[in-house]
Structures are given as structure tokens and as C-alpha cells.
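Visitor: Here it is, the structure, as C-alpha cells.
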Amino acid sequence: MNLIQDLDVLDNLDAPKLVPESIGTNGRKLYLETYGCQMNVADSEVVAAVLQEGGYGLTSDPMQADVVLLNTCAIRENAEQKVRQRLGVFRAKKRKENPDLLIGVLGCMAERLRHKLLEEEKLVDLVVGPDAYRDLPRLIGERGLNGQAAVNVQLSKEETYADIAPVRYDSNGISAFVSIMRGCNNMCSFCVVPFTRGRERSRPVNSILAECADLLERGYKEVTVLGQNVNSYHFEQDGTVVSFAELLYRISLLSPELRIRYSTSHPKDCSDDLLYVHAERHNICNYIHLPVQHGNTEMLRRMRRTYSREQYLELVEKAYRIVPNLSLSTDIIAGFCGETEEEHRDTLSLLKQVRYDHAYMFMYSERPGTYAARKYQDDIPEDLKKRRLSEIIDLQTRIAADKNRADVGSLQTILVEGTSKRRIDQLFGRTDANKVVIFDAHNYQPGQYVQVRITGSTSATLLGEPLGVTTLAESVLQVA
Ligand code: 5AD
Ligand code: SF4
């Protein structure tokens, strides 16, 4: 699963996140760049908190930094290549301009590449895995003292960083990520995440509710609840088990004006209870990211997804039936091992059948150590993978454009997030279905819920005419 949407739900390879200046107590400055999914964005906020506590200030200028940390993604090869390029740039800076600069690799690349990065390529001073961020101040101190690279890539069965208040250094103050579980016990054959992030563990309910309540108090309007596999959330408290559906329900009761999203769900664990919670609670968005990965049952078996095409379609049908106005998005992989032309066409036909509002579409990229890498041949030539992926993207773009066109004339409630990138006299916000709407600013402000009538569309964006400020609770009645 992926992060940094628009931040794309999953990939932010072209938009490393920069941090604003802050002053620490030890006079040293940290520069932090984040790649990959939303989970990494949330993790970087934990890293910033740990190091702020350790006395470090934050800087958005790597030239000012004493420590440069790259929070990395290993999900596809191109993600790793991008990080290697950046490491090369920082390494050159260190050689030429600042020999005392410490360069660290955090996150998903850490475990797999620690030998390579430290020994063969001699690119880094610190290598720290996703469960070892509490150890960062000590590791940095150790590296400074003895000149040896400092490493901690130990994965944990318990760590959830539950007690660490994330420093939301790059936040719009309106929308925040809240991490509820870590790791993944699924073993999808193409995926490296279970190896880089370890076993599933759930964060205590009370610490999640406290973090959401604190965000509300500070004026936030929306939380996106995060985990590699949120449907597997499972926490025992006072002898009762709190499921993901129950957790969402409890978060939704904190305030009728707090809008709630989540990512990512595995179709095999999407329970009826969860669908009914969507239907019942107006402030849980009627939007589910439900990655299918492929449209053919034999390919799904080889991908070890544990459902068939038919089972997935039944789930979609049930979800559309239970949750009014539900929007779905998905992830698709093109050109997985052994994929025939006919199997590829099954992905196209599934896209036509489900009619997702949005999809994240990828070419298969073999990841060392995964089941697929060990058992199957990565036998689809690059140009064929590309052709299949572009057919998938073309079709999905047409479907999204049609669905957006169908929204024209409808009333939508959007949470205003900020000024449009193209025109300062326009604002943008998102609908319940996570679609971006651009509209004339008038006197509306970020953080307000605004009722808009949709007046135009493209495959990626809606245009709207604002009708007035509203509340989330009122808007349910108005839209209905
Ligand atoms: N190659 C291509 N895409 C992948 N994903 C995960 N592993 C791979 C891989 N080896 C995609 C899946 C997943 C999303 C986060 O990334 O679609 O849902
Ligand atoms: Fe990877 Fe599958 Fe786990 Fe998602 S559910 S993180 S694709 S192994």
C-alpha cells in the first residue's frame, strides 16, 4: 500500500516532502525526505517527533542540515532507483562541502539493502528499519563518536509508536494521517512489504481515539486511518475484541464533523459489519480503496490473493448494495508472471464491470525474496508489460471521465483544503468520494465544509459552483 496522495494514495516518487524550519535544543538540524506510501508519511512524522525530542531542529534546506534522512520505499524497483539517485547527490555534497554530514536510509529499503548500502556502495552512515525509529538519537550519537556506520533494522512484534505524538510538520492543519496498525501477515506473492515491515500488530484503541480527539481539538477536520491492511485491525481490551469496523465506529462518534477515511483494505477481510458502519455513520466517507490487483482467477491464485474474480465481484456488488453512493478505487498490476493475453483482457473486463472512480496502476516489478521471485519467471517482456499497462490506463481514464461527467449537476459536500495550484482566486477540496473539486474562492476558507454544485469535469477533477458553508451532519440531509 502506498502513500503521499496528490500525494498519491501510494506513490510520491516525484514529490519528496520537505520540512519547514524549526529550532532544536542541540543546535543541530535534520532534513527529512519521504518516499512511497502514506504510511511512510506518517512514519516520518514519528521520526520528526523522536528527533525533536532528541534536540534536533527541522530544516527544508539540505545544505543547512547536519543529518539527512531518506524515508524509503521498496515496493517497486523504480522507487529504489530514485532513492539511490538522491543518495548519490547527498553523498557528493558530503564529499565536497560538508564531511560531517550524516546520511541515513530509513524505512523499507533499510533491511534489504543494508549490506549493499553500507559496504559495497559506502553510501550511508545510518540504516534504520521501520520499527527502530526510537533508537535514532542513540544511533546518530554512536555514528558521530566512532565513525562506524550505525545500523538497526530489527523488526518488532509489538512496536506501534502508540505513545509518540507525531510532529505534523508538512500538514495543511485540516487533514491528518493516523496510523492504527503496522506490518502485514498476508503473503501476496509479488509483495515485499511483509519482509520490510514485518508482522501485523495493532495499536491500542485508546491511544488512537486520544490522537483523533487531540486532532479535533487542534481544528483538524479529517483523519485518514492507516495501516498496510487495516481490515486486520484487532485489539483486545477489557476482555472484548475491537475489530476494524468497531474502531471506525468509535472514531466516528468523537464528532459528527470529523470526516473519516482509511487505507488500505484487503478484499478478503472486508466484513459486512464494516459495510454497515459505512452505511450507518454519515461521517465515514462512502469511499473504499479495495485493491483487486488482477481480473483473472488463475492470476489471483498465483498472486496469492486468496479470492477469485467472482468472489471479488460478489463483494463489490454487496458493497454497492449496502453503502449508498459508494465509490471504489483499486490497485492493478499489469504483466505479472505468466500473464496471457486472455488473462490480461480479464483485467480490462473487470474494470468495465466494477467501474472504479479511481485506480493506481502498475507494471509488475520483481522484488527479491518474494514468493514470485522464488517460484515464478518474470517472463513478460518490458514492452508487452508497457502495452498492457497503457491499455489498462486508457480504459480506466475513460471510465473515470465518464463517472466524473455523470457527477455534473449533482450537489457535493467538500472539505476545503487550500488554494488551487493554477489560480489563486480558486480553492480546492475533496468530495466524500475523494474527488478533487475546484471552485471560485469568494470568501470561503480552508477547513470549511462547502456545499457545491458540480458544473464541469475532466478524468481527474471536478469543477464546482459554491452554494454556501455547511456542516457534515447537515450536508447528509441536503445531498440526500
Ligand atoms: N510490482 C508492481 N506493483 C506492486 N505492488 C506491490 N508490489 C508490487 C510489485 N512487485 C502494488 C500493488 C499494491 C500497491 C501498493 O503496489 O498493487 O497494492
Ligand atoms: Fe503487500 Fe498483499 Fe500485504 Fe498489501 S496485503 S502489503 S499487497 S502482502
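The values are calculated or read from the model by the stated rules, or taken from the named source; none is laboratory data. Note that the structure is predicted; figures quoted are calculated from it, not measured. Ideal geometry is used to build each Cβ from the backbone, glycine not excepted, and the neighbour counts take in all protein chains shown. For accessibility, only protein heavy atoms count, side chains too; no ligands or nucleic acids. Shrake-Rupley method; radii C 1.70, N 1.55, O 1.52, S 1.80 Å.
Visitor: Which FRET efficiency value, to the nearest 0.05, do you get for residue 268 and residue 421 by plugging their Cβ-Cβ distance into 1/(1 + (r/R0)^6) with R0 = 35 Å?
Guide: Here the calculated transfer efficiency is 0.40.
Visitor: Oh, and also: Could you sort out which of 268/403; 82/375; 82/122; 29/94; 94/122 sit more than 20 Å apart by Cα distance in this structure?
Guide: On the way: 268/403 26 Å; 82/375 27 Å; 82/122 17 Å; 29/94 15 Å; 94/122 12 Å.
From the list (268/403; 82/375; 82/122; 29/94; 94/122), the Cα-Cα distance tops 20 Å for 268/403; 82/375.
Visitor: Oh, and also: What Cys residues in the chain have no fellow cysteine's beta-carbon under 4.7 angstrom?
Guide: 37, 73, 108, 184, 212, 270, 285, 337
Visitor: At a 1.4 Å probe radius, carbon and sulfur cover how many percent of the accessible area of segment 408-479?
Guide: Looking at segment 408-479 in its full context, I get 53 percent from C and S.
Visitor: Name the GluC sites (Glu not before Pro) in segment 310-402 that are in a loop by DSSP and that have at most 14 other C-beta atoms within 10 Å, would you? List each step's numbers first, then the result.
Guide: On the way: sites: 310, 314, 317, 339, 341, 342, 343, 366, 382, 391; in loops: 339, 366.
Sparse-neighbourhood loop GluC sites (Glu not before Pro): none present.
Visitor: With runs of 4+ DSSP H residues as the only contributors, calculate the mean residue ellipticity of the chain at 222 nm using -39,500 (n - 2.57) per run, divided by the residue total and rounded to the nearest 500. Before the final figure, lay out each step's value.
Guide: Numbers: 14 runs with 164 residues, N = 480.
About -10500 deg cm²/dmol.
Visitor: Let me spell out the model: positive unit charges on the Cβ of Lys and Arg, negative unit charges on the Cβ of Asp and Glu, origin at the Cα centre of the chain. What dipole size does that give, in debye rounded to 20?
Guide: On the way: 59 positive and 66 negative charges, 157 e Å.
The dipole magnitude comes to about 760 debye.
Visitor: Rg and Dmax in Å for segment 28-152, alpha carbons only: what are they?
Guide: So, for segment 28-152, Rg and Dmax equal 13.0, 35 Å respectively.
Visitor: Determine the distance separating the Cα centre of segment 362-398 from the Cα centre of segment 29-69; give it in Å without decimals.
Guide: Result: 33 Å between the Cα centres.
Visitor: Here is a further query. To the nearest 0.05, what FRET efficiency results for residue 214 and residue 313 with a Förster distance of 35 Å applied to their C-beta separation? Present the calculation step by step, with values, prior to reporting the outcome.
Guide: Values: r = 41 Å, r/R0 = 1.16.
So, using R0 = 35 Å, E works out to roughly 0.30.
Visitor: Calculate the radius of gyration of the Cα atoms of the chain to one decimal place, then report Dmax, the largest Cα-Cα distance, as a whole number, both in Å.
Guide: Using the Cα atoms of the chain, the pair Rg, Dmax is 22.4, 66 Å.
Visitor: A further question on this structure: Where in segment 33-125 are there trypsin sites (Lys or Arg not before Pro) that are in a DSSP coil and have at most 13 other Cβ atoms within 10 angstrom of their Cβ? Display every interim value, and only then the final one.
Guide: On the way: sites: 76, 82, 84, 86, 91, 93, 94, 95, 96, 112, 114, 116, 122; in loops: 76, 122.
Sparse-neighbourhood loop trypsin sites (Lys or Arg not before Pro): 122.
Visitor: Where does the Debye-calculated log10 I(q)/I(0) of segment 175-405 sit at q = 0.12 Å⁻¹, using only Cα point scatterers of equal weight, no solvent?
Guide: Ignoring solvent entirely, the Cα scatterers give -0.71.
Visitor: List the trypsin sites (Lys or Arg not before Pro) within segment 423-477 that DSSP assigns to loop and that have no more than 16 neighbouring Cβ atoms inside 10 Å. Kindly include the intermediate steps, with their values, before the conclusion.
Guide: Numbers: sites: 423, 430, 435, 453; in loops: 423, 435.
Here the trypsin sites (Lys or Arg not before Pro) that fit, given the DSSP loop and packing criteria, are 423.
Visitor: So if I take the centroid of the Cα atoms in segment 315-361 and the same for segment 434-461, what is the distance between those two points in Å?
Guide: The distance from the Cα centre of segment 315-361 to that of segment 434-461 comes to 27 Å.
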